[in-house]
Amino acid sequence: MEHNGFIQEQKTLEGDLNSDTSHKNSVDFLMNWFRKRSIFVLAYGTGCGAIEMPPTFTSRYDAERLGIRGAATPRQADVIIVSGYCSYKTLRRIIRTYEQMSNPKYLLALGSCTVNGGMYWD
Amino acid sequence: MIVIDLLLMLIVAYAVGFLYYGLYRNITARFQRRFGPPVWQSFIDSIKFFFKEDSISHGWMFYLGPVIMTTGAIMTLFFIPFFSSGNSFSGLSAYGNLFVVLYLMVLGPLGNALGVGTGGSPFGAMGITRGLTRLFAMELPFYIAVIAIMSLSGSADIAAIASGQTTFNAFSYPLLFIAALISFIGMMGQSPFDVPGAPVEVYSGPASEFSGKFLALLMSQSAIFTFAKLVLMVHLFLGGASGFLELLLKTFVLFILVISFGAIYGRFKTPQAVDFLIKVPTGIAVAGLLLATWS
C-alpha cells in the first residue's frame, strides 16, 4: 500500500463513515430529522466571543428561521456555546452547566480564545 | 361514540394550538423585520423534546406536576363544546357547565406549582409564587365579567350562552368584554402580564427545571389549553360558532388581537400587575355589570 503521508493517515483514522449502519432504520431517521430542525442553544457567553452571538440570533442574520432558539436554562438546551477564554473558575461552572443538560447534547467552542487561548495565548 | 368525539377534539386542539403558536412566532418576527421559523416549528420543538434520551426527575411529585397540568388542560377542553349547537364536538359539555370549566381552568397551574416546588430550583419557586399571585389578581375581573354574562343570559350552559346572542356580547356589553379581555391577555401569557414565565427574568420560571419529556408535555398542554381558552372566549363574547371555519376565524382574530398587545407592551412587575388588575379591569367589570343590570 503506498503511503501518501498525511492524507492517507487521516483516511485510516476516519474510517468509512458511510458504512456505519447502526443508525439507519426509520425511527432513527425520524429522530434525527426532528433533532436537526429544532436546536435550543444555551449561549454561554464566557468571554469576548459573546458579542458575536446576539447578531446571529436577532433580526439581521435571523437564527430562528432555521429553528434555532435561545434556551433559558441548561435543562432545556441541546447545544451549549462556549464563546471565550476559560479560567479555572469559569471551567468549573461550565462543567456543572454541561452536566445539567440532557442527552443528546453538544458543546460548541466559538472563536480562537476557546480553542487554544487565541490572543491570550501568551 | 363519545370517545371518538373526545379524541377528535383533542387532536384538533393540539394541531390548531401549535399552528397558532407557529403563526404567532411568524407574526412577531415580521413585527421585528425578520422572517420567522416555518409554521409547524412548534410541533417540531415539542416532539424533539420527547426524543431526548433522558429527563432528569426529582421525585414522584415532580413527575406529577406536568401530568396534573396536562390533565387540567385536557379536561377543560372536554367540557367546552366547539359549536354552539349540535352534538358533534360537544365533548362532555352535557355533563358540566361553565362553573365546572372555570374550576378546571385553575386545576392545572395549582398542580404544576406543587411539582415545581419539589424541583428545588429557586427560579422555579419564584416563578410559581409570581404566577399564583398573578392568577389571583387575574381571576377577579374575569370572573365578574363571566358571572355577569351568565346571569344576563340566564344560563350557565356554554352552548346556550353562545347561541342565545343576537348581537355579539362583546358589542352588547362592551365594558364586560374589555375587562375580560384584559384578563385574557394575562391568561394567554402575553405582556404586560407575563412575568412568571419570562425567559430573561426568572429563566422561564416554572418551566426552569423541566427537561425532556416533561417539557414536551408542558408545551403540548400549553397548546391545548390555549385553544380551549380561545374557544371559551368566542362562545362567551363573540357569538359562538356554527361551523369549523367560523370557529377558526373567530379564534384566530382573537388570538391576533391578544398577541398584538403582547408584542407591543413591556412587562409589568408582579406588584404592578396585581395593582393594575385589581383596580382597572375590576372597576370596568363592576361598572359594566351595574350598567347592564340597571338598564
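The values are calculated or read from the model by the stated rules, or taken from the named source; none is laboratory data. As the structure is a prediction and not an experimental result, all values here were calculated from the model. Quick reminder, even Gly has a Cβ in these numbers, built from the backbone with ideal geometry, and neighbours come from all protein chains shown. Remember, those area values only see protein heavy atoms, side chains included, never the ligands or the DNA or RNA. Shrake-Rupley method; radii C 1.70, N 1.55, O 1.52, S 1.80 Å.
When only alpha carbons are used to place a centre, region B:129-199 and region A:35-63 end up 38 Å from one another. Among B:40, A:33, B:294, B:60, the order of accessible area from largest down is B:294, B:60, B:40, A:33, computed with a 1.4 Å probe on protein heavy atoms.
Per residue, the accessible area of region B:46-98 comes to 42 Å², computed with a 1.4 Å probe over protein heavy atoms only. Each peptide in A:71-77, A:42-48 was scored by the mean count of other Cβ atoms within 10 Å over its residues; highest first, the order is A:71-77, A:42-48. Under the shape rule built on the C-alpha gyration tensor, where the axes satisfy a ≥ b ≥ c, chain A is oblate, since a/c reaches at least 1.5 while a/b does not exceed b/c. When you count the other C-beta atoms within 10 angstrom of each residue and take the mean per peptide, A:55-62, B:208-215, B:140-147, A:105-112 line up highest first as B:208-215, B:140-147, A:105-112, A:55-62. Rounded to the nearest 10 degrees, the inclination of helix B:270-294 to the longest alpha-carbon principal axis of chain B is 20 degrees. Taking amide hydrogens as placed 1.01 Å from N in the peptide plane, the amide H of residue A:70 sits under 5 Å from those of A:41, each at least 5 positions away in sequence or on another chain.
Rounded to the nearest 100 Å², what's the accessible area chains B and A bury against each other, both chains counted, probe 1.4 Å?
Values: alone 13680 and 9830 Å², together 21140 Å².
When B and A are taken together, about 2400 Å² of accessible area is lost.
Couplings 3J(HN,Hα) for region B:3-11, derived from phi with the Karplus relation 6.51 cos²θ - 1.76 cosθ + 1.60 (θ = phi - 60°), are 5, 5, 4, 5, 5, 5, 4, 5, 5 Hz, where x marks Gly and Pro.
Backbone geometry of region B:112-124 corresponds, through the Karplus equation with coefficients 6.51, -1.76 and 1.60 at θ = phi - 60°, to 3J(HN,Hα) couplings of 5, 4, 4, x, 5, x, 7, x, x, 7, x, 5, x Hz, x marking Gly and Pro. For the set A:24/B:48; B:229/B:250; A:11/A:105; A:36/B:52; A:11/B:48; A:36/A:89, the pairs lying more than 24 angstrom apart at their alpha carbons are A:11/A:105; A:11/B:48; A:36/A:89. Solvent-accessible surface of region A:35-122, taken per residue with a 1.4 Å probe and all protein chains present: 61 Å².
Calculated mean residue ellipticity, 222 nm, chain B: -24000 deg cm²/dmol, from DSSP H runs (n ≥ 4) at -39500 (n - 2.57) each, averaged per residue and rounded to 500. In order along region B:60-70, the phi-based Karplus estimate (6.51 cos²θ - 1.76 cosθ + 1.60, θ = phi - 60°) of 3J(HN,Hα) comes to 6, 6, 5, 5, 6, x, x, 5, 5, 5, 5 Hz; Gly and Pro are listed as x.
Computed on chain B, with alpha-carbon pairs under 8 angstrom and 6+ residues apart, the relative contact order is 28 percent.
Of B:81, B:37, B:196, the residue with the greatest mean-square motion in the GNM of chain B, using alpha carbon springs below 10 Å, is B:37. Approximating the spin labels as points 7 Å out from Cα along Cα→Cβ, the residue B:279-to-residue A:52 distance works out to 5.0 nm. When the Gaussian network model of chain B links Cα atoms closer than 10 Å, the mean-square fluctuations of B:41, B:190, B:272 top out at B:272. For helix B:174-187, what angle does its Cα long axis make with the longest principal axis of chain B, in degrees from 0 to 90 and rounded to 10? For helix B:174-187, the angle is close to 10 degrees.
Take the solvent-accessible surface of the protein heavy atoms, probe 1.4 Å, and return the percent of it on chain B that carbon and sulfur atoms account for. Ligands and nucleic acids excluded, carbon and sulfur reach 72 percent.
Counting, for every residue in B:205-216, the Cβ atoms of other protein chains within 10 Å of its Cβ and taking the mean gives 3.
Sorting B:45, B:194 by accessible area puts them as B:194, B:45; the probe is 1.4 Å, largest comes first, and only protein heavy atoms count. Residues of region A:101-120 that bury at least 50 Å² of accessible area once all protein chains are present, compared with their chain alone (1.4 Å probe, heavy atoms only, ligands and nucleic acids left out), are A:102, A:103.
The mean number of Cβ atoms from other chains found within 10 Å of a Cβ in peptide A:69-79 is 6, as a whole number.
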